[in-house]
Amino acid sequence: MSPLESNKLTSDASIEGTTVIIDTGCANLSSVRYAFERLMSADERKKLSVTDDIAAIKAATRVVLPGVGTAGAAMASLRNKQLVEVIKSLSQPVLGVCLGMQMLTRLSNERGATTEDCQCLGLIPTDIEELDSKGLPLPHMGWNQITPSEHPIFDGISEGDYVYFVHSYRAPIGEFTIACAEHGEQFSAAIAKDNFIGLQFHPEKSATVGARMLKNFLNMSTDTFFQNNNSNQCEA
């Protein structure tokens, strides 16, 4: 994103309330935080934090669930931090990023070193399975186009805009799909239910398009939701 574009997003309506990025112990915490900070004024940055403090998470205006790696390790971290029930109880906007999106679902077939599927948070009723790339390379890594719905996270985003993916597992197209993409098969690039939103791609690595989505999220509050939350413009 150019300095001019960054300044334009920063100069939009001021960000109200607090934003908490849950400290899941995953490696992308700093990149996610820096992406939000670039959209904030100096005063607004004071209301952004990375924490696993239960009280701070519950009190936040909006919450981000980041993640990279395997579902099993990430869910184990949430359980160890006693955050599973906390996240399930949240009524404010919650944004899951990449693996964070997958953790919002019922279960993941990404078993890692185990022989059982990973039970996830169960907040969006869909399951995570290996992407059928139909012979294309896995992981699906790099820039790809999305077809977004009218969900407010996509305000200012157009069909065919490019975002950055790194993943081998995906949610299928279904009732809670709010954006789709294709790498071999069509899959859910984003899903949502009620106040929970998941992006399979990395908005923090997706230049101006990703920054627009993060800014849209920063402008959300509990009062935002959601006439178009379950709008599905993707058909398998």
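Place a +1 charge on the Cβ of each Lys and Arg in the chain and a -1 charge on the Cβ of each Asp and Glu, then give the dipole magnitude about the Cα centre in debye, rounded to the nearest 20.
Values: 19 positive and 28 negative charges, 134 e Å.
Rounded to the nearest 20 debye, it is 640 debye.
Which one of Gly96, Ala60, Ile173 has its Cα pushed farthest toward the positive end of the charge dipole of the chain, where Lys and Arg give +1 and Asp and Glu give -1 at the Cβ?
Sorting the options by dipole projection puts first Ala60.
Taking a probe of 1.4 angstrom, what is the accessible area of Arg79 in Å², to the nearest 10?
My reading of the accessible area for Arg79 is about 130 Å².
Counting Lys and Arg as +1 and Asp and Glu as -1, what is the net charge of the other residues whose Cβ lies under 11 Å from the Cβ of Val163?
0
Given a 1.4 Å probe, how much area per residue of the chain is accessible, in Å²?
43
Summarise the accessible area of the stretch 120-236 (1.4 Å probe, protein heavy atoms) by the percent that is carbon and sulfur.
Carbon and sulfur: 41 percent of the exposed surface of the stretch 120-236.
Tell me the mean residue ellipticity at 222 nm calculated for the chain from its helices only (DSSP H runs of n ≥ 4, each -39500 (n - 2.57), averaged over every residue, nearest 500).
Result for the chain, helices only: -6500 deg cm²/dmol.
Please label the shape of the stretch 3-225 as rounded, prolate or oblate, based on the square roots a ≥ b ≥ c of the eigenvalues of the alpha-carbon gyration tensor (a/c under 1.5 means rounded; beyond that, a/b larger than b/c means prolate, else oblate).
The shape class here is oblate.
The values are calculated or read from the model by the stated rules, or taken from the named source; none is laboratory data. Keep in mind it's a predicted model, so treat the numbers as computed, not measured. Here the Cβ is made from the backbone with ideal geometry for all residues, glycine too, and neighbour counts use every protein chain on show. To get the accessible areas, we keep the full protein, side chains included, count just its heavy atoms, and leave off ligands, DNA and RNA. Shrake-Rupley method; radii C 1.70, N 1.55, O 1.52, S 1.80 Å.
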